[in-house]
Amino acid sequence: MITFEGVTKRYADGTIAVNDLHLEVPTAEITVLVGPSGCGKTTSLRMINRMIDATEGKILLDGVDVRTIDPPTLRRGIGYVIQQAGLFPHRKIVDNVATVPYLLGWDKSKARARAMELLERVGLDTALAERYPFQLSGGQQQRVGVARALAADPPVLLMDEPFSAVDPIVRTSLQDELLRLQSDLHKTIVFVTHDIDEAVKLGDRVAVLRVGGTLAQVADPATLLSAPADDFVREFLGRDRGIRRLSFVPADLPLRTDLTVPDDADISKVAGVAAASGLTWLAVVDSGGRPSGWVNAADLPLSGTVADLRLMPYGTFVAGRDSLRSALDAALLAPSGGAIAVDDEGRVTGVATAGALAAATSGIAAEGVGTGRG
Amino acid sequence: MNWLIEFFGDPDNWSGSSGIPFRLLEHLEFSALALLAAVVIAVPLGLWIGHTGRGALFVVLSANAARALPTLGLLVLIVLLVGVGTTLPVLIPLVALAVPPILVNTYEGIRGVDRDLRDAAYGMGLRGGQVLLRVLVPVALPLILLGMRIAAIQVVATATVAAYVGLGGLGRYIIDGLATKDFASTIGGAVLVALLALAVQTAFTLVNRVAVSPGVSRRVKVR
C-alpha cells in the first residue's frame, strides 16, 4: 500500500504542482491518476520513487516514509515505465531488461535467463533479445520497457503515460496485455494517463486530479461514471457516460430458450414456435448449435423450410462473461432488438429479448438516480 | 612532381636522424603526447560539466579563448620563458590547441543525451556515476571520439611548428627547406604531414567502429 499524507510539491518560483494530496493506493490493484496537463499527476507519481521530492507531507510505502530510503535503493525496488520506453540504445534488448538484476548484483546468466522469461511474458518473440532498441517498433519497445520494470519482480510498478506514444491499435493491445499480466502478477500499480478512457479501462480505482494539483474524486470506474463528484469530473469524463458505464455491469439478463428454431425446420414449425412464445422474432440455429440469424414469424411464406428464408443479421454476447454494453451492442445489430446469448464455444444458450434489455438498462439508470445528475 | 621524386627518391632521406622514419617518429611522439595530455584534461572535465551542468559557461569561454590563441606566438613565448632543449615548449601550445574540440564535443555529447534516457536510467536505480559511465558515455561516444579526431588532426598538422624552435618532427623538412630554398624538401614534408593526417583520420574511423555500440551507430544489418 502506498499512502499520500498531505503531500504538496511547491517549486522555487511558487508554482504548486501538487496541493495537499491525500490518497491511498491499495496493494495488488491498479490505481490510475488521471487529469488534464498541469494537474500534477506525473509529479505525484515521481514523488513515489523520489525522482522528485515532496515539499510537504509524507509518502509511505507499506508504512515506511520513502524519504528515509536512499533513492537508488528505493528505485531498484520499484518498477518504472515511462512514455518513450527510455531503453538504453547501446545495449541489446536482453541486457536492457536485465538492467536492475545486474544492478542488484545477480549472476549474469541468471539475470539473462530472467530477462528471456520476461520477454516471453510480455508477449515478445525471444528472437528479439539479441537486437538493439532501434530495431524494434514503438509498441515492441514499450513491451520491453514493461519487461525491464518487472525484471527484479518489484511489488510496485509506476507507469507514466506508458502507452500514449503508440498508435491506437497497438495501445489497445498493450492495455489488454497489461490487464492480462496484472491478473497473474497482482502488482501494486500506479498508472498515470491523460486519457480518461484508458483510466476507466485499466483502473481498479481512478483518481481524477484537477489543474493546480488537487484531488477531485477517487472512485472505482463504474461509480465515477455514474456519480461524478462535480462539474469538473463530469466534464472530464466526457460524452457517453451512460453507455460507457454499462461496460462495468455484467449482462445478467433473463434468457429465453423457447425462441430458437433449427435452420432446417419447416415453416409450419416456425409459426408454431412463434405462436407458443407469443413473440414474432426467432433465432435460427444451425446443426452445430451456432446462430445463423433472425427470422420474423410475422412475415412467413405459406410453405417451405427455414433454409428458403432470408435471415436477418444478428449479434451475440457471452452470457456470464460479457458486460451489458456488449449485450446491448449485440441487440443493436439485429432488427429484432434482441441479443443472442452464446457460450465460450459460440453455441447458442438463449435469447435476451428487446424487452429484457430495456428492463435491465432502465434498472441501471434507476440505480444512478440521486447519486448523480445528467 | 619532380620535387616529390627528388625528395622521396633521395636515399639520404630514408636513414639517420634526419631521415623520414626518424622524423616521423618524432612527429608522432609530440603529437601523441600532446593529444594524450589534452584527453586527460578535457575528457574528465567535459564529462563532469556535461553531467552536472555546472560550469557550462567555462566551456564556451575557454573554447573561444583557445580558438583565438596563436599557436606560434605561444610557442615563441614559452621558448623565451623556459628556453629550448625540452619538448615542453612544443607540447603546451599543442595541448592548448587540442583541448577545446575535445572539451566542447565531450560536453555537448553528454549534455545532448535524450532526457528520457537519463530519466529512465535514474528511475531504474542507477547512481549518478553509473548513469554517466554506463549510459551517457556509451551513447555520447561518437561525439566524444569526433572531438578527439578533430584535435588529433589539428595537432598532427600543427606539430610542424616544433621545427621553428629547433626541435624535430616533419616540420623540419618544411622549415629547413624554406630556409635553404630546397623546395623539394618543403613540399615533401608537406605531403608527409598531409598523409599522416589522413592516416589519423582512418585510425579514428576504425576506433569508432570498434568502440561504439552497434545500437548507437545503428550499424547493424536489419534482419
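The values are calculated or read from the model by the stated rules, or taken from the named source; none is laboratory data. Note that the coordinates shown come from a computational prediction; the quantities given were computed from them, not determined experimentally. Neighbour counts are summed over all protein chains in view; Cβ atoms, including those assigned to glycine, are modelled from backbone coordinates with ideal geometry.
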Qualifying position, being of a type in the set (V, I, T) and touching a Pro at 6+ places or on another chain (Cβ under 6 Å), among B:T106, B:T52, B:T71, B:T86: B:T71
Mind checking whether some residue in the stretch B:85-102 is touching a residue at least 40 places away in the same chain (Cβ under 8 Å) and under 22 Å from B:V131 (Cβ atoms)? yes
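Out of A:L104, A:L181, report the one residue that is touching a residue at least 24 places away in the same chain (Cβ under 8 Å), surrounded by fewer than 21 Cβ atoms within 10 Å (Cβ to Cβ) and either outside the structural domain of A:T42 (by TED's automatic domain parsing) or under 27 Å from the mean Cα position of the chain (by Cα) (or both). Don't jump to the end; show me each part of the working.
Numbers: A:L104 fails: either outside the structural domain of A:T42 (by TED's automatic domain parsing) or under 27 Å from the mean Cα position of the chain (by Cα) (or both).
Unique residue meeting the criteria: A:L181.
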Name the residues in the stretch A:41-74 that are under 15 Å from A:T31 (Cβ atoms), within 14 Å of chain B (Cβ to nearest Cβ) and hydrophobic (A, V, I, L, M, F, W, C), would you? A:L45, A:M47, A:I48
Every residue in the stretch A:267-278 that is buried (at least 20 other Cβ atoms within 10 Å of the Cβ) and out of contact with any Ser or Thr (no Cβ under 7 Å at 6 or more places or on another chain), please. A:V270
If you check B:L97, B:L75, B:L28, B:L103, which single one turns out to be more than 15 Å from B:V161 (Cα to Cα) and assigned to a helix (DSSP H, G or I)? B:L103
Looking only at the stretch A:137-158, which residues are surrounded by 24 or more Cβ atoms within 10 Å (Cβ to Cβ) and of a type in the set (V, I, T)? A:V144, A:V146
State yes or no: is A:R10 assigned by TED's automatic domain parsing to the domain that holds A:P221, over 15 Å from A:T188 (Cα atoms) and either among the hydroxyl-bearing types (S, T, Y) or buried (at least 19 other Cβ atoms within 10 Å of the Cβ) (or both)? no
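Considering only residues of the stretch A:129-142 that are facing chain B (nearest Cβ under 10 Å) and in a helix (DSSP H, G or I), which is farthest from the chain's Cα centre (by Cα)?
From the stretch A:129-142, those facing chain B (nearest Cβ under 10 Å) are A:130-135; that's our starting set.
So of that shortlist, the ones also in a helix (DSSP H, G or I) come out as A:130, A:133-135.
On the way: A:E130: 32, A:P133: 27, A:F134: 29, A:Q135: 29 Å.
Among those that are facing chain B (nearest Cβ under 10 Å) and in a helix (DSSP H, G or I), it is A:E130.
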Residue hits (the stretch B:165-223; of a type in the set (G, A, S), over 30 Å from B:L117 (Cβ atoms) and loosely packed, with under 14 Cβ neighbours inside 10 Å) are B:G166, B:A179, B:A194, B:A199
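Which one of B:V165, B:V139, B:V131 is within 14 Å of chain A (Cβ to nearest Cβ) and touching a Pro at 6+ places or on another chain (Cβ under 9 Å)? Full working, then the answer.
Numbers: B:V165 fails: within 14 Å of chain A (Cβ to nearest Cβ); B:V131 fails: touching a Pro at 6+ places or on another chain (Cβ under 9 Å).
Exactly one of B:V165, B:V139, B:V131 is within 14 Å of chain A (Cβ to nearest Cβ) and touching a Pro at 6+ places or on another chain (Cβ under 9 Å), namely B:V139.
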Looking at (1) away from every other protein chain (no Cβ under 14 Å); (2) closer than 25 Å to B:G129 by Cα, find the lone condition where A:G77 falls short. (1)
Across the stretch A:294-349, what is the number of residues that are more than 27 Å from A:I243 (Cβ to Cβ), assigned to a loop (DSSP other than H, G, I, E, B) and either at pLDDT 90 or above or not polar (S, T, N, Q) (or both)? 9
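Take B:L126 and tell me if it is part of a loop (DSSP other than H, G, I, E, B), of a type outside the set (V, I, T), more than 14 Å from chain A (Cβ to nearest Cβ) and buried (at least 20 other Cβ atoms within 10 Å of the Cβ).
Values: part of a loop (DSSP other than H, G, I, E, B): yes; of a type outside the set (V, I, T): yes; more than 14 Å from chain A (Cβ to nearest Cβ): no; buried (at least 20 other Cβ atoms within 10 Å of the Cβ): yes.
Spelling it out, it is not the case that B:L126 is part of a loop (DSSP other than H, G, I, E, B), of a type outside the set (V, I, T), more than 14 Å from chain A (Cβ to nearest Cβ) and buried (at least 20 other Cβ atoms within 10 Å of the Cβ).
With respect to A:T99, is the statement that it is under 21 Å from B:V131 (Cβ atoms) and among the polar types (S, T, N, Q) true? Quick ask: steps written out before the conclusion?
Details: under 21 Å from B:V131 (Cβ atoms): yes; among the polar types (S, T, N, Q): yes.
So A:T99 passes the test.
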Flagged in the stretch B:66-111 as exposed (fewer than 13 other Cβ atoms within 10 Å of the Cβ) and either of a type in the set (K, R) or within 14 Å of chain A (Cβ to nearest Cβ) (or both), in numbering order, are B:R67
Give the stretch A:181-197 a look and list any residue that's within 20 Å of A:A147 (Cα to Cα), outside any strand (DSSP E or B) and in contact with a strand residue (DSSP E or B) (Cβ under 9 Å, 6 or more places away or on another chain), or say none. A:Q182, A:L185, A:K187
Taking the condition more than 14 Å from chain A (Cβ to nearest Cβ) and in contact with a Leu (Cβ under 8 Å, 6 or more places away or on another chain), does B:T180 pass? no
Going by what's in this entry, would A:A283 be described as modelled with pLDDT of 90 or more and within 30 Å of A:G242 (Cα to Cα)? yes
